[in-house]
Amino acid sequence: MRILMLSQWFDPEPSFKGLAFARELVRRGHQVEFLTGFPNYPGGKLYPGYRMRLWQRECIDGIAVLRVPLYPSHGRSVLGRIVNYTSFAFSASLGSVFVARPDLVYVYHPPATIGLAALAAKMLHRVPIVYDIQDLWPDSVATSGMMGNRRILDMLYRWCQLIYRKSERIVVLSPGFKATLVERGVAEEKIEVIYNWCDERALGASDGHPVVLGAPGEFTVLFAGTMGVAQALDTVLDAARICMDAVPRARFVLIGGGIDHARLERRATEMKLTNLRFLPRQSGSEIGRYLSAADVLLVHLRKEPLYRITIPSKTQAYLAAGKPILMAVEGDAAALIQRSRAGLTCTPNSPDSLAEAVAELASFSVERLNEMGQAGHDFYLRELSLAVGADRFERVFAAALMDATAARVATSAR
């Protein structure tokens, strides 16, 4: 089938439902075109080699890409974020006129603002929508502190409900997302849980020298990813302070960037944390070396009801890397680690709980740690991999086409 993939973010931006997914669909015989923006995430500045223009066509690995303009922004400014999202929504709505007529539109992130472009493409080309929901809006908007106006949040809620009704099929990343949408009146039969995967090609692409994160005998706990408000990494700094006395051989490494990075680095310096260091964000093809060099990989999100039904995207990369995981997120993410037997869980926002879990992991034998890592890797291949996810998406795409055909037949019979 001919698939139009619609997302604000696409390679070279970090996006695990971007190029890797498109390549896999092409490999399976589908024709794919990607409608996206000019790359600026997560720094909020255009990537080198790009300049803003009315449109730009590219061909990447045989995939046609149409880029449309947007306002680059991804900082603390609420206004900047709003203009970033809405500018792409309008540009992509106009851009849908200039793509080849698809059989189906696959829509991925951000959830509400891109809905305008999704509905435009649906009406223009008279084709079904498969909507992949990675964030629940307005919940995540309110939780992040980006917006607190109840009237606006209510408008966002109603807009999302309209999008869900207009979508033939909806894909969510966790059982908790599905349960929440069903509670909000979305038909259960149109919702499918498909766990995210990681960029497997990039993760295994590095052929550089092995990375050394600590001295012999040290126990390295690594966090890799965005450092923002949701990650609440002050907890990690406080746990590191406890471990200076309780687990002297523990070393914490934080890799990445984000709006909270500079503040966290200053605070770590003020706290004189000799067992914690920051490293810059690594490319997808390099991060695998760092994951492999750690003893344990850490996931942490702030303790919030919304995050109980969220599975942070780094979880899949950690599982695929075959290293033990320390999951400081409650709910569905913790259940995934328990089910896979890939590591330990602890209470988010609790330095004591995190430090205790680090101490327990540091007491394990190398053999036991390796067994955890292997169990996680095997679970990823069996349940979460790109191949498994693509199989499930193909079935959802076929069901959406059948739904649209049945709706047309029923309409014509009236």
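The values are calculated or read from the model by the stated rules, or taken from the named source; none is laboratory data. Owing to the predicted nature of the structure, the values given are computational and were not obtained by experimental measurement. Using ideal geometry, Cβ is built from the backbone for each residue, glycine included, and neighbour counts are taken over all protein chains shown.
From the list 286, 265, which one is part of a helix (DSSP H, G or I), at pLDDT below 95, at negative phi and surrounded by fewer than 18 Cβ atoms within 10 Å (Cβ to Cβ)? Steps first, please.
Details: 265 fails: at pLDDT below 95.
Every option except 286 fails the conditions.
Residues of the range 18-45 being more than 24 Å from residue 97 (Cβ to Cβ), assigned to a loop (DSSP other than H, G, I, E, B) and touching an Asp or Glu at 6+ places or on another chain (Cβ under 9 Å), which ones?
Of everything in the range 18-45, those that are more than 24 Å from residue 97 (Cβ to Cβ), assigned to a loop (DSSP other than H, G, I, E, B) and touching an Asp or Glu at 6+ places or on another chain (Cβ under 9 Å) turn out to be 28, 41, 42.
Looking only at the range 61-101, count how many residues are among the basic types (Lys, Arg) and under 14 Å from residue 7 (Cβ atoms).
1
May I ask you to list the residues in the range 168-183 that are under 25 Å from residue 127 (Cα atoms) and over 21 Å from the mean Cα position of the chain (by Cα)? Write out each step before concluding.
The initial filter retains those residues of the range 168-183 that are under 25 Å from residue 127 (Cα atoms), namely 168-173, 178, 181-182.
Within the range 168-183, 168, 182 meet the criteria.
Mind checking which residues of the range 289-302 are over 30 Å from residue 180 (Cα atoms) and in a loop (DSSP other than H, G, I, E, B)? Show your work before the answer.
Start the filter on the range 289-302 by keeping residues that are over 30 Å from residue 180 (Cα atoms), which leaves 289-296.
Residues satisfying the conditions are 294, 295.
Tally the residues that are part of a loop (DSSP other than H, G, I, E, B) and buried (at least 17 other Cβ atoms within 10 Å of the Cβ), restricting the search to the range 75-114. Give the steps one after another, and end with the answer.
First pass over the range 75-114, keeping only residues part of a loop (DSSP other than H, G, I, E, B): 75-77, 99-103, 109-114.
Within this subset, residues satisfying the condition of being buried (at least 17 other Cβ atoms within 10 Å of the Cβ) are 99, 102-103, 109-114.
Total satisfying the criteria: 9.
Would you be able to tell me the number of residues in the range 52-74 that are of a type in the set (A, V, I, L, M, F, W, C), in a strand (DSSP E or B) and in contact (Cβ under 8 Å) with a residue 24 or more places away in the chain? Please lay out each step first, then the result.
Keep residues of the range 52-74 that are of a type in the set (A, V, I, L, M, F, W, C), which gives 52, 54-55, 59-60, 63-66, 68, 70.
This time we only want the ones that are in a strand (DSSP E or B), so: 59-60, 63-66, 68.
Still in the running and in contact (Cβ under 8 Å) with a residue 24 or more places away in the chain: 60, 63-66, 68.
Residues in the range 52-74 being of a type in the set (A, V, I, L, M, F, W, C), in a strand (DSSP E or B) and in contact (Cβ under 8 Å) with a residue 24 or more places away in the chain: 6 in total.
Within the range 328-349, can one find any residue that is over 23 Å from residue 196 (Cα atoms), modelled with pLDDT of 95 or more and in the same structural domain as residue 220 (by TED's automatic domain parsing)? Write out each step before concluding.
Our first condition is that a residue be over 23 Å from residue 196 (Cα atoms); within the range 328-349, this holds for 347, 349.
Filter once more, so that each one left must be modelled with pLDDT of 95 or more: 347, 349.
Now narrow it down to the ones that are in the same structural domain as residue 220 (by TED's automatic domain parsing): 347, 349.
Within the range 328-349 (the criterion being over 23 Å from residue 196 (Cα atoms), modelled with pLDDT of 95 or more and in the same structural domain as residue 220 (by TED's automatic domain parsing)), the answer is yes, since at least one residue qualifies.
Of the conditions (1) surrounded by 19 or more Cβ atoms within 10 Å (Cβ to Cβ); (2) in contact with a Lys or Arg (Cβ under 8 Å, 6 or more places away or on another chain); (3) aliphatic (A, V, I, L, M); (4) in a loop (DSSP other than H, G, I, E, B), residue 227 satisfies every one except a single condition; which number is it?
Going through the list (1) surrounded by 19 or more Cβ atoms within 10 Å (Cβ to Cβ); (2) in contact with a Lys or Arg (Cβ under 8 Å, 6 or more places away or on another chain); (3) aliphatic (A, V, I, L, M); (4) in a loop (DSSP other than H, G, I, E, B), residue 227 breaks only (2).
Residues of the range 268-283 being over 30 Å from residue 19 (Cα atoms), assigned to a loop (DSSP other than H, G, I, E, B) and of a type in the set (Ser, Thr, Tyr), which ones? Explain how you work it out, then say what you get.
Just the residues of the range 268-283 that are over 30 Å from residue 19 (Cα atoms), to begin with: 268-277.
Now narrow it down to the ones that are assigned to a loop (DSSP other than H, G, I, E, B): 271-275.
Residue satisfying the conditions is 274 alone.
Quick grid of which residues meet (1) more than 20 Å from residue 302 (Cβ to Cβ); (2) assigned by TED's automatic domain parsing to the domain that holds residue 312; (3) more than 23 Å from the chain's Cα centre (by Cα); (4) not hydroxyl-bearing (Ser, Thr, Tyr):
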{"site": "212", "(1), (2), (3), (4)": "yes, yes, yes, yes"}
{"site": "216", "(1), (2), (3), (4)": "yes, yes, yes, yes"}
{"site": "233", "(1), (2), (3), (4)": "no, yes, no, yes"}
{"site": "239", "(1), (2), (3), (4)": "no, yes, yes, yes"}
{"site": "242", "(1), (2), (3), (4)": "no, yes, yes, yes"}
{"site": "247", "(1), (2), (3), (4)": "yes, yes, yes, yes"}
{"site": "262", "(1), (2), (3), (4)": "no, yes, no, yes"}
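Picking from 126, 101, which residue would you name as being without any contact (Cβ under 8 Å) to a residue 40 or more places away in the chain, among the charged types (D, E, K, R) and either out of contact with any His (no Cβ under 7 Å at 6 or more places or on another chain) or in the same structural domain as residue 187 (by TED's automatic domain parsing) (or both)? Write out each step before concluding.
Details: 101 fails: without any contact (Cβ under 8 Å) to a residue 40 or more places away in the chain.
Going through 126, 101 in turn, the sole match is 126.
Could you list, in sequence order, the residues of the range 191-202 that are assigned to a helix (DSSP H, G or I) and either surrounded by 19 or more Cβ atoms within 10 Å (Cβ to Cβ) or without any contact (Cβ under 8 Å) to a residue 24 or more places away in the chain (or both)? Don't jump to the end; show me each part of the working.
In the first step, residues of the range 191-202 are kept if they are assigned to a helix (DSSP H, G or I); the result is 200-202.
Those that are assigned to a helix (DSSP H, G or I) and either surrounded by 19 or more Cβ atoms within 10 Å (Cβ to Cβ) or without any contact (Cβ under 8 Å) to a residue 24 or more places away in the chain (or both): 200, 202.
Within the range 369-383, which residues are within 20 Å of residue 201 (Cα to Cα) and of a type in the set (D, E, K, R)? Show your work before the answer.
Filtering the range 369-383 for residues within 20 Å of residue 201 (Cα to Cα) gives 373-374, 376-383.
Within the range 369-383, 378, 382, 383 qualify.
If you scan the range 123-146, which residues turn out to be over 25 Å from the mean Cα position of the chain (by Cα), more than 24 Å from residue 38 (Cβ to Cβ) and part of a helix (DSSP H, G or I)?
We begin by selecting, within the range 123-146, every residue over 25 Å from the mean Cα position of the chain (by Cα); these are 123-127.
Pick out the ones that are also more than 24 Å from residue 38 (Cβ to Cβ) and you get 123, 126-127.
Across the range 123-146, the qualifying residue is only 123.
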